[in-house]
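A.B. asks: There's a structure below that I have some questions on.
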Amino acid sequence: MASTQSRTLVHAPQTAALRKLAKKRRSSAMPGEGDTVRISIATTVVLVVLWFCATHFGWIKPLFLPSPGATFDAFVSAVKGDTQGNTPLLEHVELSVMRVVAAFLLAVVTAVPLGIAMGTSRIARGIADPLIEFYRPLPPLAYLPLIVIWLGIDESAKITLIFLACFAPLAMSAKAGVRSVAIEQINAARSLGATRWQLLRLVVLPAALPEILTGMRIAIGFGWTTLVAAEMVAATAGIGQMVLNASNFLRTDVVVMGILIIGVLAYAFDMLMRRMERALTPWKGKM
């Protein structure tokens, strides 16, 4: 008994010191840092409970908001292919993901080099900046008819519409990343005899990479928001087309189910981009 008390007295100052150190670390951390998984899970649970209560007690009519059970039943039916055109849900998802990914990758390989060129060359910036700034605020539905006239109603029109939605934020973020490079870094590399290509590869690109990755996250989000508009162009399959067809027949359960699927897919892509951002720029927020 005495030995137990003595061990407790010995460990008590150590425990107090550890608590003090943890408190000091929390106070010295950046605002907003910390794990948010539990908060996010609790928020999701609360929203689902509110959804269930609003439909179960009749606060909102099923025509405007179907119950979670009805939405799940619509999901099961869609998996079996019980949708307009008898197209299984997996095929809808595959086509939509293919369109978004193809347009996004095409935007990455074109917009990022253009943004870097705009950030490093006044000639490139003078040529491309007015064009991008002109079409960037335009909603995709504004130039959708023009794309249909130019490209028809096949896959190229849909991918082009999503590509244009992804292109502008990527180019602007790449340009902003290049322009944010400290002049001291550039002068230090020049003093060591770095060529223009070495300066771009070893100084400018690493410094601009966080901005470029942030732009990629924003661009993939714009791609998903433009998906429904893109699949309005005579598409026979795709999540957006499935949602539009369901809305014509007042199938609110299918509409909500499609919206949830788009949200889950977009969130999964965003989580993937966050992991890539942490892997490629481990120094971000620590300097």
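A.B. asks: Of all residues in region 38-71, how many are in a helix (DSSP H, G or I), in contact (Cβ under 8 Å) with a residue 60 or more places away in the chain and not polar (S, T, N, Q)?
C.D. replies: In the first step, residues of region 38-71 are kept if they are in a helix (DSSP H, G or I); the result is 38-56, 68-71.
From the residues that got through so far, the ones that are in contact (Cβ under 8 Å) with a residue 60 or more places away in the chain too are 70-71.
Checking the rest, the ones that are also not polar (S, T, N, Q) come to 70.
Final tally of qualifying residues: 1.
A.B. asks: Tell me the residue from ILE239, ILE212, ILE261 that is touching a His at 6+ places or on another chain (Cβ under 8 Å) and in contact (Cβ under 8 Å) with a residue 40 or more places away in the chain, please. Walk me through it before giving the result.
C.D. replies: Numbers: ILE212 fails: touching a His at 6+ places or on another chain (Cβ under 8 Å); ILE261 fails: touching a His at 6+ places or on another chain (Cβ under 8 Å).
Only one candidate passes the filter, namely ILE239.
A.B. asks: Return the residues of region 165-188 that are closer than 13 Å to ARG136 by Cβ and of a type outside the set (S, T, N, Q); say none if nothing qualifies. Break it down stepwise before answering.
C.D. replies: Of the residues in region 165-188, the ones closer than 13 Å to ARG136 by Cβ are 165-173, 175.
ALA165, CYS166, PHE167, ALA168, PRO169, LEU170, ALA171, MET172, LYS175 - these are the residues of region 165-188 that are closer than 13 Å to ARG136 by Cβ and of a type outside the set (S, T, N, Q).
A.B. asks: When only residues in region 160-184 that are modelled with pLDDT of 90 or more and of a type in the set (S, T, N, Q) count, which is surrounded by the fewest Cβ atoms within 10 Å (Cβ to Cβ)?
C.D. replies: Here the residue is THR160.
A.B. asks: Being within 27 Å of PRO145 (Cα to Cα), modelled with pLDDT under 90 and buried (at least 19 other Cβ atoms within 10 Å of the Cβ) is the requirement here; does ALA208 meet it? Show your work before the answer.
C.D. replies: Numbers: within 27 Å of PRO145 (Cα to Cα): no; modelled with pLDDT under 90: yes; buried (at least 19 other Cβ atoms within 10 Å of the Cβ): yes.
It is false that ALA208 is within 27 Å of PRO145 (Cα to Cα), modelled with pLDDT under 90 and buried (at least 19 other Cβ atoms within 10 Å of the Cβ).
A.B. asks: Then there is this: Which numbered condition trips up LEU280, out of (1) surrounded by fewer than 18 Cβ atoms within 10 Å (Cβ to Cβ); (2) farther than 20 Å from ALA229 by Cβ; (3) modelled with pLDDT of 85 or more; (4) of a type outside the set (Ser, Thr, Tyr)?
C.D. replies: Here LEU280 meets the rest and fails (3).
A.B. asks: Which residues, taken from region 129-174, are in contact (Cβ under 8 Å) with a residue 40 or more places away in the chain, hydrophobic (A, V, I, L, M, F, W, C) and farther than 20 Å from GLU231 by Cα?
C.D. replies: ILE132, ALA168, LEU170, ALA171, MET172, ALA174, listed by residue number.
A.B. asks: While we're here: Take the residues in region 82-120 that are within 14 Å of GLY238 (Cα to Cα) and not in a helix (DSSP H, G or I); name whichever of them is modelled with the highest pLDDT. Outline the logic, then answer.
C.D. replies: Just the residues of region 82-120 that are within 14 Å of GLY238 (Cα to Cα), to begin with: 83-101.
So of that shortlist, the ones also not in a helix (DSSP H, G or I) come out as 83-88.
Details: THR83: 72, GLN84: 68, GLY85: 68, ASN86: 76, THR87: 81, PRO88: 87.
Going through the qualifying residues, I end up with PRO88.
A.B. asks: Might you check whether a residue that is under 23 Å from ILE212 (Cα atoms) and of a type outside the set (A, V, I, L, M) occurs anywhere in region 148-157? Even if it seems obvious, please write down each step before you answer.
C.D. replies: Keep residues of region 148-157 that are under 23 Å from ILE212 (Cα atoms), which gives none.
Looking for residues that are under 23 Å from ILE212 (Cα atoms) and of a type outside the set (A, V, I, L, M), one finds none in region 148-157, hence no.
The values are calculated or read from the model by the stated rules, or taken from the named source; none is laboratory data. What you see is a predicted model, and the numbers here were worked out from it, not measured in a lab. We place every Cβ from the backbone using ideal geometry, glycine too, and count neighbours over all the protein chains shown.
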